[in-house]
Amino acid sequence: MKSVVAILATTLVVLSPVAFVQAQSPKPAATGKTAAPAGAGKRTDVYHVHITKAALGKAVQLGDWLKTPDRSNPMPDHFIVLRHQDGDAWDYVVITHLGSKATVEAAGTAVPPDKRDLSAWHNDTFVNGPSWEEFTQAMGIDKDSVSKTAGSVYSVSYYRPAPGHREQSEKMLSELPSASNDTTAGNVLMQHLEGGPWTFLTIARYNSWDDFATGEKNSVAQTTKKDSPWFRLRDHIDFHTDTLTDRIAP
């Protein structure tokens with residue numbers, strides 16, 4: 001991915017041995033759901049989260065640029081690009097794996113002159129998260145799954161805990177879904193290191209829009225319960241957004 005960040009993030013160390021939208025447990029393609037969302041309790045790697053809004057009339061060009069691997073990067077194919085369908089004001093989010101460490105260098109500008117006018121605005125945040133292996137399995141982009149998951153739906157959410165509620169918020173976001181009829185296929189939890197005004201980022205993957213709709217229908221029925229995720233969220237979180245997306249790369 002040809003990064004549009006205003007700073008240059010460079011990988012120092014290569015890979016280490018990688019939503020609270022009602023349900024969050026990663027399900028690798030052939031093994032079923034694991035014990036917790038990828039990144040719950042163990043976040044070994046650094047990722048860069050780039051959220052951007054296309055300039056008027058430039059959405060196609062911006063999307064094409066964002067999904068083009070930058071072969072000058074040490075790990076040019078370690079990224080995912082998701083496209084807004086419903087929710088927040090942005091159009092694309094690019095999540096790039098940087099390895100176990102990253103640094104910022106004062107070396108020129110990261111955005112070529114012919115690409116500068118493609119984006120109306122953007123923001124960038126470094127986060128820690130699971131290993132790339134865990135991330136790709138949860139997101140359905142590992143080599144054994146990527147060709148079969150083109151129809152996946154991703155719910156991208158970020159959260160800012162209320163003062164004094166950070167531990168409770170992380171515990172809540174790290175839990176397995178309580179409903180037996182959860183329809184997510186994979187989940188990731190990441191934590192802010194530097195950048196945007198939020199603390200946690202979650203991505204919940206569904207195999208299809210039908211699965212997402214079923215999951216929403218199931219979760220709405222739980223909101224009348226006092227201990228439901230809907231009420232618990234409002235006990236600990238000051239601010240959050242949810243955005244539905246599809247995947248345009250890889």
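Quick notes
- Test: residue in region 92-105 that is part of a strand (DSSP E or B), touching an Asp or Glu at 6+ places or on another chain (Cβ under 8 Å) and farther than 27 Å from PHE239 by Cα: yes
- Scanning region 214-243 for residues being of a type in the set (D, E, K, R) and assigned to a loop (DSSP other than H, G, I, E, B) gives a total of 3.
- The residue of region 128-140 that is nearest to ASP210 (Cα to Cα), among those that are surrounded by 23 or more Cβ atoms within 10 Å (Cβ to Cβ) and over 12 Å from the mean Cα position of the chain (by Cα), is GLY140.
This table checks each residue for (1) more than 25 Å from PHE212 (Cβ to Cβ); (2) open to solvent by 70 Å² or more (accessible area, probe 1.4 Å); (3) at pLDDT 95 or above; (4) not aromatic (Phe, Trp, Tyr).
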residue	(1), (2), (3), (4)
ALA54	no, no, yes, yes
ALA59	no, no, yes, yes
LEU66	no, no, yes, yes
MET75	yes, no, yes, yes
PHE79	no, no, yes, no
GLN85	no, yes, yes, yes
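- Pairs with Cβ under 7 Å, 6+ apart, first in region 121-133 and within 12 Å of ILE95 (Cβ to Cβ), second among the hydroxyl-bearing types (Ser, Thr, Tyr) and buried (at least 20 other Cβ atoms within 10 Å of the Cβ): VAL127/TYR47; GLY129/TYR47
- Check on PHE200, over 29 Å from LEU56 (Cβ atoms) and open to solvent by less than 10 Å² (accessible area, probe 1.4 Å): yes
- Applying the condition of being surrounded by fewer than 23 Cβ atoms within 10 Å (Cβ to Cβ) and of a type in the set (A, V, I, L, M) to region 87-106 and asking which residue is farthest from LEU244 (Cα to Cα) yields ALA106.
- Considering region 208-231, the residues that are open to solvent by 60 Å² or more (accessible area, probe 1.4 Å) and under 22 Å from the mean Cα position of the chain (by Cα) include one that is nearest to GLU167 (Cα to Cα), namely TRP230.
- Search result, residues across region 155-197 that are assigned to a strand (DSSP E or B) and closer than 15 Å to ARG232 by Cα: TYR159, ARG160, PRO161
- Set ASP238, ASP246: member being closer than 27 Å to PRO163 by Cα, charged (D, E, K, R) and surrounded by fewer than 17 Cβ atoms within 10 Å (Cβ to Cβ): ASP238
- Qualifying positions in region 121-146 - of a type outside the set (Ser, Thr, Tyr) and part of a helix (DSSP H, G or I): TRP132, GLU133, GLU134, PHE135, GLN137, ALA138, MET139, VAL146
- Scanning region 229-250 for residues that are in contact with a strand residue (DSSP E or B) (Cβ under 6 Å, 6 or more places away or on another chain) and among the aromatic types (Phe, Trp, Tyr) gives a single hit, PHE239.
The values are calculated or read from the model by the stated rules, or taken from the named source; none is laboratory data. All of these numbers come straight from a predicted model, not from anything done at the bench. Heads up, the Cβs are rebuilt from the backbone with ideal geometry, glycines too, and the neighbour counts pull from every protein chain shown. These area figures cover heavy atoms from the full protein model, side chains too; ligands, DNA and RNA do not enter into them. Shrake-Rupley method; radii C 1.70, N 1.55, O 1.52, S 1.80 Å.
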